[in-house]
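Worksheet for the structure shown next.
The values are calculated or read from the model by the stated rules, or taken from the named source; none is laboratory data. In this text the structure is predicted, and so the values were computed from the model without any measurement. Here Cβ is always computed from backbone atoms with ideal geometry, including for glycine, and neighbour counts include all displayed protein chains.
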Amino acid sequence: MPRNTAPQTLSREIRISGHGLHGNRPCSVRLVPVTVPSGLLFVHTPTGTEIPARADLAGDLVLATTLLKDGIRLQTIEHLLSALAGLEVEHLRIEVDAEELPILDGSAAPWVEAILQAGLQSLEGRRRFMKITQPVEIRDGDRWIRALPFDGLRLRYVIDFPIPSLGRQSRELSLTPEKYRRELGSARTFCLAQEVDQLRARGLALGGSLENAVVFGADGPLNDSLRYEDEAVRHKMLDLVGDLALLGAPLLGLIEAHAAGHALHVALAQAILANPGCWEWTEEAEPANVRFFFQPLVSQPA
Ligand SMILES: [Zn+2]
């Protein structure tokens, strides 16, 4: 079965509740299928404010990706966006009753499982891809990220932390929904133990715990176990997939990132959108030799 090139939404509604990582307040999210391709649209339900998932509305990028519009903030959107982009669900209404999305287990896995349980629904038309034709690069000292022409979407990520338990990790993969689910989606967010007090003093990570984050101490993770030996770099790639969803369309290119984070991810998305000479629209997903065969899980009765 060739890769589905139709725009996709969900087959049915999903509701998920939890609490925010940074504000530690309860929040719930309702994912509502749409009937025509219209992108990913957040709705802050207490005010009715509609905020499209677009890079030009992103800001406040310290340790999370935030959308800002009309005085409303929606924080920590990146793990849900990552699950949606990773599974190629590009058209959906996302209703949120608070200013931060639930952190759940710190990865995208709970979103991924809920999406696959609900099932995907094809919409009329064809997916349009943004195909990188000229390099786009953003640098911030030793940190950088760039997009290069490539047939498909390939991610190459390097992190290098000055503590031995984390150190240097690198990973590279060509993204497909199945690889996303298997290799990236379950990787949890992380921080250094030495940063925790500082974060809390700044009002960040108030809802953080070993239940929703990996905390690296000098001798290793404080958690009982890791889900992958290189879980940290995989989580960075998960974040990158979510931040690139702010382009508003799937990307074809090689994305290389070195010691990057949300600010550089979003800056790259903004630079791509601001430089239409560096990319072109195409409906050709990928060459035949890397086509992907993916059968969504059949929805099980509860
Ligand atoms: Zn993250």
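Computed values, structure above
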{"item": "Complete set of residues in the stretch 148-188 that are closer than 16 Å to Gly106 by Cα and either in a strand (DSSP E or B) or in contact with an Asp or Glu (Cβ under 8 Å, 6 or more places away or on another chain) (or both)", "result": "Ala187, Arg188"}
{"item": "Residue match in the stretch 249-260 (condition: in contact with a Leu (Cβ under 7 Å, 6 or more places away or on another chain) and under 15 Å from His79 (Cβ atoms))", "result": "no"}
{"item": "Residues satisfying the stated conditions in the stretch 70-88, i.e. among the small types (Gly, Ala, Ser), under 8 Å from the mean Cα position of the chain (by Cα) and either surrounded by fewer than 24 Cβ atoms within 10 Å (Cβ to Cβ) or more than 12 Å from the ligand (Cβ to nearest atom) (or both)", "result": "Ala85, Gly86"}
{"item": "The listed residue being in contact (Cβ under 8 Å) with a residue 60 or more places away in the chain, touching a Ser or Thr at 6+ places or on another chain (Cβ under 9 Å) and under 23 Å from His265 (Cβ atoms), out of Ala109, Ala205, Ala147, Ala118", "result": "Ala109"}
{"item": "The stretch 226-240 residues that are over 15 Å from Arg168 (Cβ atoms), paired with ones that are near the ligand (Cβ under 9 Å from one of its atoms) and in a helix (DSSP H, G or I) (beta carbon under 6 Å, 6 or more apart)", "result": "Leu238/Ser82; Asp239/Glu78"}
{"item": "Lone qualifier among Arg202, Arg227 - being away from the ligand (no atom under 16 Å from the Cβ) and either modelled with pLDDT under 95 or surrounded by fewer than 20 Cβ atoms within 10 Å (Cβ to Cβ) (or both)", "result": "Arg202"}
